[in-house]
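Structure first, then comments.
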Amino acid sequence: MPLSTQSQGDAEQYVLVASLDNARNLSNILKAITFKDHAIFSATPNGLKVTVEDSKCLQANAFIQAEIFQEFTIKDDSVGFQVNLTVLLDCLNIFGGSTVPGVSTALRMCYKGYGYPLTLFLEEGGVVTVCKINTQEPEEPVDFEFCSTNVTNKVILLSESLKEAFSELDMTSEVLQITMSPSQPYFRLSTFGNSGNAHYDYPKDSDMMELFRCTKTQTNRYKMSLLKPSTKALALSCKVSVRTDSRGFLSLQYLVRNDDGQICFVEYFCCPDEEVEEQ
Amino acid sequence: MNCILEGSGVKAFGKAIHALSRIGDELWLDPMVKALALRSVNSAHSAYACFLFSPLFFLHYSLGSASEQSSETIKCKLAMKSILPLFRCLTSIERNVERCQISIGTPDDRVMIQFFCRHGITKTHNLRFQESEALQAVFAPHLCPNVLKAPARLLGDMVMHFPVSQEEITLSMTSQRVSLKNYYEGGNDHMKTMCTEMSLHPDEFDYFQIGVESDITFCLKELRGLLSFAESHCLPVSVHFGAAGKPVCFSVDDIVLEATVVLATLSDSESRGSSQPTETLAPSTPKCADAAVLPVGWCDGSKAQDSPAVMEMIPSSQGSPITNLPALMLLRPETDDPNGRGVADEAFASATLSPASSMICSLLFRASQQDDDGRAARLPVLACYSDEEENLEVDNTRSPSL
């Protein structure tokens, strides 16, 4: 492969090298979390985690395991940097992102460490482009302290049942209210807009409901503006798990299959908008 | 009011709302014993549409609720932008929605529209409404000298030749042909416009009746919704009209529903290239006598009236007044006019709209009928907010049919 022979001499300098035969396996999943310009990259021997945050209330993470990459070499236990995500996506799509079958952009992503830019070697049809993107000191992502032992309610739904609801959500509503309960209405999404209110109910025995584990009735509201970006992740995914903990914090986990059928995850954490009395 | 729609009925209901949204920004809901009426009117009052769904259309239809008197049915209006999004994607409704329940007058003063979808999913919308008197237009299609009836397909094919941006078209009728051409104003720049005209022989129509040669110009955009509705239901469309300046009425009906769009037309003196209407009105085969109580419809001499019972003028068991029926469709009775025809109100002429539509608007109201009585009367509108009680008495005393 042209890219690897070119940079073989520099291989020793990089603390992180990640290669993909199809750059879309990275760019598609990053699009699902692009609601802010900047993203925190965190690489470990397990793979790559990309984090985007909004006002300390919303956090989105994309996980691409090491196995997804054709080559994934990391020198340290953990490598982190921050880049402009919009610029990165523009570079990944530099060849125009055409979907002609059999033609894909190959990617080799290299990072020399603190203070160095992120270098991308992109190749399609024999044409090679080199992009160097400035990196910044990575911010510490917010720790939402969301742990599975504290989860009160959990459901797993097939994404197709939620996609329509999310695309129809009344955007004049400032909040999206999520009710989860062991009894009626089981799982309900509600909006309160200018025209009136709307409720989307998913019963526990629906064939769209893959898992239903609710221990207590909880109603929480989340800012619509924070959750709306998650629609992109929903559109890519085939399943989504919705969990709330005792504080009302929300975790949405999306199972995404890439072009080659491999599984990646996208996760959204969101703080509740206000205290709603638990019934 | 509480009703339940099933399967394809939901899609038809949604299509009706789409057609009404082409007319106005508000939707009037008027549940009656005989039918559920959905109506809309444009701001200039030059276009009006009404869809009537008989109880047979629904899986279940009842007025009032257990706690209310049935004569206290709430009539209301909704903003079109609050109800249209619920029915926006008809293909998705067709695919997913199994049943739809609509009720008005629930305790929290909302219209509740509930979709029961596949996979057990339920979508409930509670929309704010404004209580309102029923909207009704008064127009008598049976008094129109010219009548056409054609499959929706034919009319759809005719209007297809005009660009979507075309505002107004002119329908011309002589005993030899019916033609449609685009309407343009201003003589000087007609060289820059593409002119389209197409003509059909009377034989192309299921029914052709000419009482007066006329050219009527009306707004095409407002009609497209009804044509689309008619095509999807494979229903023939009837067109009732007269001389230029008088409203034109397009209607479709079948056993369970009836839809009507009434549009104002440009009056003779303003329209271009129109022929003078002949003075003699000679309707060919008027089967419906003015004096009699009418079942729905037009003067269709070719076949027996098989109008559904729901459209007949039967007094309701509750003794509630007989109004709002399209079959009646009388011109709103004005002060002294014995025929109950509307006359001009100069005030409407000053509506600030696009030139053509403002002419339509103002000239509608200047359009007097046979009598050249040009007196200005009080507020005549094509479609009025009728105060039920008042109009009742007025209708009862003045309408020739009662």
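The values are calculated or read from the model by the stated rules, or taken from the named source; none is laboratory data. Keep in mind the model is a prediction, meaning the values are calculated, not measured. Using ideal geometry, Cβ is built from the backbone for each residue, glycine included, and neighbour counts are taken over all protein chains shown. To get the accessible areas, we keep the full protein, side chains included, count just its heavy atoms, and leave off ligands, DNA and RNA. Shrake-Rupley method; radii C 1.70, N 1.55, O 1.52, S 1.80 Å.
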Given A:148, A:159, which one is within 14 Å of another protein chain (Cβ to nearest Cβ) and either at pLDDT 95 or above or closer than 30 Å to residue A:217 by Cα (or both)?
-> A:159
Determine which single condition residue A:159 fails, assuming it passes every other condition in (1) in contact (Cβ under 8 Å) with a residue 24 or more places away in the chain; (2) crowded, with 17+ Cβ neighbours inside 10 Å; (3) among the polar types (S, T, N, Q); (4) over 30 Å from residue A:214 (Cα atoms).
-> (4)
Only one of these is touching a helix residue (DSSP H, G or I) at 6+ places or on another chain (Cβ under 9 Å), among the aromatic types (Phe, Trp, Tyr) and open to solvent by 10 Å² or more (accessible area, probe 1.4 Å): B:207, B:184. Name it.
-> B:184
In the stretch A:209-230, is there at least one residue being touching a residue at least 40 places away in the same chain (Cβ under 8 Å), within 14 Å of chain B (Cβ to nearest Cβ), charged (D, E, K, R) and farther than 14 Å from residue A:167 by Cβ?
-> yes
Filtered residue count, the stretch A:169-196, keeping only those that are open to solvent by less than 30 Å² (accessible area, probe 1.4 Å), at the interface with another protein chain (Cβ under 10 Å from one of its Cβ atoms) and either farther than 21 Å from residue A:152 by Cβ or out of contact with any strand residue (DSSP E or B) (no Cβ under 9 Å at 6 or more places or on another chain) (or both) | 3
Where in the stretch B:45-163 are there strands (runs of 3 or more DSSP E), lying fully within it, with 1 or more residues that are open to solvent by 30 Å² or more (accessible area, probe 1.4 Å) and within 14 Å of chain A (Cβ to nearest Cβ)?
-> B:76-79, B:97-104, B:110-117, B:122-128
